[in-house]
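Heads up: the structure comes next, in structure tokens.
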Amino acid sequence: MPPLLQIRAVTEADLPELVRLDAEAFPSGPYPYFVLRQFLDAYGDHMLVLDDGASLLGYVLATAPNRDLSWILSLAITPGLQGQGLGRRMMSEILDHLRSEGVKEVWLTVEPGNDTAVLLYRSLGFAPEGAPRKDYFGQNQHRLRMMLLL
């Protein structure tokens, strides 16, 4: 990771940058502002951001543990920095955080055709639950569910 980049906890002041970053990373389906606002309120202790001192370049969001289970809800890296290991670093940080809280099982969903993301998650130890689930998030929104035992 370049020396000027820092992974840190999210703050409320980051919300405008989160909205911008999410729209940049997911142009065909970014979270609405109100959803990111509620995620910040509900899961702020489980959201990390990648900060270069001027703007946010990535974030990862997990749910708070429910018993010993958590979900990764989103991982985003600005398109210009993808493929440089930053997503792996952010995932490792959040998984360490979840492990320290006693989480034993972590789930996520990924678009089946997003080979880069599927390979990243597999390399971190996530395994597919089975075949992709058709229309998981609505019509033509198929998802592969993956799970990691910590």
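We did not get these values from a lab; they are worked out from the coordinates using the rules stated. If you're wondering where the values come from, they're calculated on a predicted model, not measured in any experiment. For neighbour counting, all protein chains shown are included, and Cβ atoms are generated from backbone atoms with ideal geometry for every residue, glycine included.
Structural remarks
- Computed from point charges on the beta carbon alone (+1 for Lys and Arg, -1 for Asp and Glu), the dipole magnitude for region 1-95 about its Cα centre is near 220 Debye.
- Residues within the reach of a label modelled at residue 134 (point 7 angstrom out along Cα to beta-carbon, backbone nitrogen below 20 Å), restricted to region 111-126, are 111-114.
- For residue 74, nonlocal amide neighbours, meaning residues 5 or more places apart or on other chains whose placed amide H falls under 5 Å from its own, are 61.
- Length added when fully stretched, residue 38-residue 147, from 0.36 nm per residue minus Cα-Cα: 36.8 nm
- Length-normalised contact order of region 64-150 in % [C-alpha pairs under 8 Å, at least 6 apart]: 31
- Simple rule: put +1 on each Lys or Arg Cβ and -1 on each Asp or Glu Cβ in the chain, find the dipole, and look at 81, 141, 55; the Cα lying farthest toward the positive end is 141.
- Normalised by the number of residues in the chain, the mean separation of alpha-carbon contacts (under 8 Å, six or more apart) gives a relative contact order of 18 percent.
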